[in-house]
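A.B. asks: Below is a structure I'd like to ask you about.
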Amino acid sequence: MRTAVGAGETEPSRPADLAWQATPALSSRAGTMHAERGLRLAELILSGARQAGQGPGSRLPTERQLAADLGVTRSSVRHALAMLEAQGRISREVGRGTFLRDAPRTGADAVPAADSLAVPAAAGPAPAGGQAPGADFAPADVMTVRRLLEPPSMSLVVAWATAADLDEMDRCLAGGDRAASYEEFESWDLALHRCIMAASHSPLLAALYQAIEAARHGQVWGDLKRRSASPEHREQYQGDHRTIVAALRARDSARAVEAMRLHLARVSDHLNATDPAAGVIWR
């Protein structure tokens with residue numbers, strides 16, 4: 001059965017890096033819709049694999065076949081597969097194909113990835129007007145809580161991260177390097193920060209970070225982050241990420257704490273420069 005997703009889509013006609021520099025209002029709305037379509041399509045791909053009786057290690061159909069089966073463009077399929085790869089649901093091997101991985105595990109003994117592709121819900125009642133939880137969190141609030149939580153947590157990660165945890169961080173770094181669009185890079189950025197926090201092997205800390213991740217999925221945060229995006233900023237973030245992971249590998253707690261603090265300060269500066277009225281203050 002063919003399922004139409006994002007009917008009427010056309011293949012992009014310009015390089016991904018130039019697409020980041022589109023008119024802010026238009027690219028913000030388009031980016032949100034593109035991410036939502038990617039999530040829905042990723043869910044359809046996994047659902048189709050389950051219905052076909054495929055399990056871990058099974059090879060998925062080619063991008064061309066998936067596009068034909070689902071009635072979408074190959075670029076849409078590539079985006080959905082990138083999201084699945086960032087969440088650890090699949091692996092893509094050059095020359096061999098795309099394979100299902102074991103379902104991501106959660107808990108103190110594993111690096112958690114989302115068990116489903118749905119955006120995690122923040123704790124508490126839904127805001128008035130039917131908006132998704134997290135949609136109204138101010139960027140200043142998000143950055144304040146990230147500053148309080150992420151840098152100090154690096155000491156726990158240094159103490160408890162396993163070799164498998166560090167390898168997962170490297171996988172996310174490599175994914176960020178390969179990302180062909182803003183949405184793909186954001187998927188890998190989220191995945192890296194998630195697996196770093198999970199490497200503390202503290203279930204409570206991982207649960208607290210889920211609320212931050214929910215806020216980063218919110219439209220207020222997403223719109224501001226997209227407007228601040230550029231190839232230059234992306235490379236700076238990747239440099240920060242490499243420094244953080246290198247410090248964790250070296251078991252250097254002080255350097256890891258400082259590297260995470262400086263990374264979040266950089267993100268804050270970029271958001272402030274994009275929209276000073278947002279009040280994302282870091283001092």
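The values are calculated or read from the model by the stated rules, or taken from the named source; none is laboratory data. Please read these numbers as outputs of a predicted model, since none were measured by experiment. Heads up, the Cβs are rebuilt from the backbone with ideal geometry, glycines too, and the neighbour counts pull from every protein chain shown. Remember, those area values only see protein heavy atoms, side chains included, never the ligands or the DNA or RNA. Shrake-Rupley method; radii C 1.70, N 1.55, O 1.52, S 1.80 Å.
A.B. asks: Of Gly55, Gly31, which residue is at pLDDT below 90 and closer than 15 Å to Glu186 by Cα?
C.D. replies: Result: Gly31 is the single residue among Gly55, Gly31 that is at pLDDT below 90 and closer than 15 Å to Glu186 by Cα.
A.B. asks: Of the conditions (1) assigned to a helix (DSSP H, G or I); (2) closer than 23 Å to Val267 by Cβ; (3) at pLDDT 90 or above, Ala159 fails just one. Which one is it?
C.D. replies: Ala159 satisfies all of (1) assigned to a helix (DSSP H, G or I); (2) closer than 23 Å to Val267 by Cβ; (3) at pLDDT 90 or above except (2).
A.B. asks: Looking at Ala246, Ala229, which is the one that is over 30 Å from Ser75 (Cβ atoms) and out of contact with any strand residue (DSSP E or B) (no Cβ under 7 Å at 6 or more places or on another chain)?
C.D. replies: The conditions single out Ala246.
A.B. asks: Keeping to region 232-258, report how many residues are in a helix (DSSP H, G or I) and open to solvent by 50 Å² or more (accessible area, probe 1.4 Å).
C.D. replies: Total meeting the criteria: 9.
A.B. asks: Taking into account only those residues within region 217-231 that are open to solvent by 20 Å² or more (accessible area, probe 1.4 Å) and part of a helix (DSSP H, G or I), which is nearest to Val157 (Cα to Cα)?
C.D. replies: It comes out as Gly222.
A.B. asks: Could you check how many residues of region 69-95 are touching a residue at least 24 places away in the same chain (Cβ under 8 Å) and under 25 Å from Leu173 (Cα atoms)?
C.D. replies: 17
A.B. asks: Give the residues of region 177-200 that are touching a Leu at 6+ places or on another chain (Cβ under 8 Å) and surrounded by fewer than 23 Cβ atoms within 10 Å (Cβ to Cβ), sorted by residue number.
C.D. replies: If the condition is that a residue be touching a Leu at 6+ places or on another chain (Cβ under 8 Å) and surrounded by fewer than 23 Cβ atoms within 10 Å (Cβ to Cβ), then Ser200 is the only one that fits.
A.B. asks: Does any residue in region 57-68 that is in contact (Cβ under 8 Å) with a residue 12 or more places away in the chain come within less than 8 Å, Cβ to Cβ, of a residue that is aromatic (Phe, Trp, Tyr) six or more places away or on a different chain, and which pairs are these?
C.D. replies: Gly57/Phe99; Ser58/Phe99; Arg59/Phe99; Leu60/Phe99
A.B. asks: From the list Ala7, Ala25, exactly one residue is more than 18 Å from the chain's Cα centre (by Cα), farther than 22 Å from Leu100 by Cβ, assigned to a helix (DSSP H, G or I) and at pLDDT below 50. Which is it?
C.D. replies: Ala25
A.B. asks: Also, I was wondering about something else. So which residues in region 52-102 are under 25 Å from Asp167 (Cβ atoms), open to solvent by 20 Å² or more (accessible area, probe 1.4 Å) and among the acidic types (Asp, Glu)?
C.D. replies: Glu93, Asp102
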